[in-house]
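The values are calculated or read from the model by the stated rules, or taken from the named source; none is laboratory data. These numbers were taken from a predicted model, which means no experiment stands behind them. Here the Cβ positions follow ideal geometry from the backbone for every residue, glycine too, while neighbour counts run over all protein chains shown.
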């Protein structure tokens, strides 16, 4: 596997993160080492993009870094000296510098802190300390921007190179509106401002986006690497006023070394505490929002999305054994109900949240009830006030949908949910380019009915007033959506709110009628035929396709510029998160035996576990191409992909019937 296509992630639990490639080459605007959330988990800014690192030896200067400059010039050649990369327990690179000597570079982001710890040590190729006293000095230049995470930086007279150096510490504030940058180190600082111009980010270029950036370097740190480890901690300080004159901390070289040693030891202990790689991956998505918790939908470009949060929570927290986190997340979102809806997305900065989702609120109802069930199964007490908040939010959602709310969302006379207005994307198939909604799905989408009926059935366990509506809606669903001749369910009925107009396009959304939710809506021969059709027409090693080959608009590859990619997003592109619904259905329709679970694990789960080493290391990608070799695309680190694989891992290891989708009789 090409190291340039393997990406690592270090998340801080606040919405910020460091990210890069195994090769050490930055290929995205999001590849940076100090990237922080100023209003967790949003308001993210990029402060330090990378480092220029050189080792001065008896044989001359040796590069331990690699960049791409316009038009496509690779310089320097540090990648050629990279002997090995490991993402565990944190990103670590081993560079050969000659004479059987290896420079080991480590990077880690501690949980709950806006800082990154860096460490370089000298070893022999066999892992010991080099003998002798051959001189080797390490030179490190921070490359800075100070920009919105989604933007690019260009040479500017407004950039402030001024530094405030003291013993063991240097401060910079490149722009007054952004946090101060603090470097704690055991090296020596030399102020020498330089602009590094026209970096090229190859992944941005491939995505049809702006891809050239200029970065500023205020100065250079030097270290005697032969004398011991070189360390540096880069930190963002949000609470320092631009005109303030803070006292320099009592920092020495020994203090910096002790800090890095403490961070390494504490993070090693913390990371060893996770049961599996997937459990550790799950931790990256659980972040602070206000006094509560939320879920980052994906790295690098997503914030917390309602739909993604409630789908991912079932795996990240419920299957992952983090019930307290799940409770805090559900509690945090309970107060956001507006007109019976929860926000679909919180945007970066101070803009108002967006409510363009018909399913996010229904997923909340499902997640809240499943959490209450998991708490009861674990003999855990839920405080009465919290239970009332969650059930109150669920009731407000159901009442809002029954009464009618934004975007034409309403309960129809047949007991099903109609939704949609022209120009607005409401389901998870939400690609939109300008005014063009690629998959509008206006009417009564199949998975929305599955969610609505599940929500009614779950609410009926706490209040009988929903039971009659459930029975009416279920009968309508079974009558209107099934095609005996086709052997599958419709994707949308009453298309564009025209009674009797049906969209029979073959998509994976129908899986939610037989799996992925607490109650399956069809069973027996119909469910068997539907599952077989989905496996035959949609299944790939990384999950179901979003559209069957042969259907109009089918896209075999997700590539090109924004228009081409968004047009393909839900038109065949594979979505690993849908694996959960598919495998749930497969297990429900096969004997509940260890043999069946072992078969499902080998056929469906193992390929996804192998994917943990193929793109975003230790994680599961957002999407993949519809056709072989099913190249990973989109976000390399996606919450609901990880969550559903974690949920399946628990499901396939357990005969616990609380994890099994139930059948509606």
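The table that follows gives values for the structure above.
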| item | result |
| --- | --- |
| Residues satisfying the stated conditions in region 408-448, i.e. assigned to a helix (DSSP H, G or I) and free of Cβ contacts under 8 Å to residues at least 40 places away in the same chain | none |
| Members of region 31-48 that are assigned to a strand (DSSP E or B) and surrounded by fewer than 22 Cβ atoms within 10 Å (Cβ to Cβ) | 38, 39, 42, 43 |
| Residue list for region 456-470, filter: surrounded by fewer than 16 Cβ atoms within 10 Å (Cβ to Cβ) and either closer than 22 Å to residue 490 by Cα or touching a helix residue (DSSP H, G or I) at 6+ places or on another chain (Cβ under 8 Å) (or both) | 461, 462, 463, 467 |
| Criterion (assigned to a loop (DSSP other than H, G, I, E, B), in contact with a strand residue (DSSP E or B) (Cβ under 8 Å, 6 or more places away or on another chain) and outside the structural domain of residue 16 (by TED's automatic domain parsing)) met by exactly one of 379, 361, 357 | 357 |
| Flag if residue 177 is under 19 Å from residue 236 (Cα atoms) and surrounded by 17 or more Cβ atoms within 10 Å (Cβ to Cβ) | no |
| So residue 629, is it part of a loop (DSSP other than H, G, I, E, B) and at pLDDT below 95 | no |
| Any chance residue 105 is in contact (Cβ under 8 Å) with a residue 40 or more places away in the chain and more than 13 Å from residue 48 (Cα to Cα) | yes |
| The one condition in (1) over 15 Å from the mean Cα position of the chain (by Cα); (2) part of a strand (DSSP E or B); (3) surrounded by fewer than 24 Cβ atoms within 10 Å (Cβ to Cβ) that residue 28 fails to fulfil | (2) |
| Criterion violated by residue 134 - all others in (1) more than 34 Å from the chain's Cα centre (by Cα); (2) part of a strand (DSSP E or B); (3) farther than 30 Å from residue 2 by Cα satisfied | (2) |
| Check on residue 51, assigned to a strand (DSSP E or B), at pLDDT 95 or above and either surrounded by 24 or more Cβ atoms within 10 Å (Cβ to Cβ) or out of contact with any strand residue (DSSP E or B) (no Cβ under 6 Å at 6 or more places or on another chain) (or both) | no |
| Boolean, residue 333 is in a loop (DSSP other than H, G, I, E, B) and either assigned by TED's automatic domain parsing to the domain that holds residue 428 or in contact with a helix residue (DSSP H, G or I) (Cβ under 7 Å, 6 or more places away or on another chain) (or both) | no |
| Selected residue (criterion: surrounded by the fewest Cβ atoms within 10 Å (Cβ to Cβ)) from residues of region 118-137 that are over 20 Å from residue 182 (Cα atoms) and in contact (Cβ under 8 Å) with a residue 60 or more places away in the chain | 133 |
| Test set (1) surrounded by 20 or more Cβ atoms within 10 Å (Cβ to Cβ); (2) closer than 19 Å to residue 356 by Cα - residue 453 fails condition number | (2) |
| Among the candidates 290, 320, residue that is surrounded by 24 or more Cβ atoms within 10 Å (Cβ to Cβ) and out of contact with any strand residue (DSSP E or B) (no Cβ under 8 Å at 6 or more places or on another chain) | 320 |
| Single residue of region 566-593 satisfying the filter (over 26 Å from the mean Cα position of the chain (by Cα) and in contact (Cβ under 8 Å) with a residue 24 or more places away in the chain) that is surrounded by the fewest Cβ atoms within 10 Å (Cβ to Cβ) | 592 |
| Qualifying strands (runs of 3 or more DSSP E) (wholly inside region 156-260; at least 2 residues being modelled with pLDDT of 95 or more) | 169-172, 180-185, 188-200, 212-224, 230-237 |
| Every residue from region 382-399 that is surrounded by fewer than 21 Cβ atoms within 10 Å (Cβ to Cβ) and either in a helix (DSSP H, G or I) or touching a strand residue (DSSP E or B) at 6+ places or on another chain (Cβ under 6 Å) (or both) | 384, 385, 386, 387, 388, 389, 391, 392, 395, 396, 399 |
| From 301, 333, residue being in contact (Cβ under 8 Å) with a residue 60 or more places away in the chain, surrounded by 24 or more Cβ atoms within 10 Å (Cβ to Cβ) and under 26 Å from the mean Cα position of the chain (by Cα) | 333 |
| Subset of region 73-97 (residues that are outside any strand (DSSP E or B) and either surrounded by 15 or more Cβ atoms within 10 Å (Cβ to Cβ) or touching a helix residue (DSSP H, G or I) at 6+ places or on another chain (Cβ under 7 Å) (or both)) | 76, 78, 79, 81, 87, 89, 90, 91, 97 |
| Matching residues, region 428-443, being in contact with a helix residue (DSSP H, G or I) (Cβ under 8 Å, 6 or more places away or on another chain) and surrounded by 24 or more Cβ atoms within 10 Å (Cβ to Cβ) | 428, 442, 443 |
| Meets criteria (more than 19 Å from the chain's Cα centre (by Cα) and either in contact (Cβ under 8 Å) with a residue 60 or more places away in the chain or surrounded by fewer than 20 Cβ atoms within 10 Å (Cβ to Cβ) (or both)) for residue 268 | yes |
| Pairs where the first residue, in region 183-206, is more than 19 Å from residue 220 (Cα to Cα) and the second is in a strand (DSSP E or B) and modelled with pLDDT under 95, C-beta under 6 Å, 6+ apart | none |
| Among residues of region 284-315, those that are within 17 Å of residue 30 (Cα to Cα) and either in a strand (DSSP E or B) or not assigned by TED's automatic domain parsing to the domain that holds residue 428 (or both), counted | 2 |
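This table checks each residue for (1) within 27 Å of residue 415 (Cα to Cα); (2) touching a helix residue (DSSP H, G or I) at 6+ places or on another chain (Cβ under 8 Å); (3) in a loop (DSSP other than H, G, I, E, B).
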site: 475; (1), (2), (3): yes, no, no
site: 500; (1), (2), (3): yes, no, yes
site: 505; (1), (2), (3): yes, no, yes
site: 526; (1), (2), (3): yes, no, no
site: 548; (1), (2), (3): no, yes, yes
site: 552; (1), (2), (3): no, no, yes
site: 567; (1), (2), (3): no, no, no
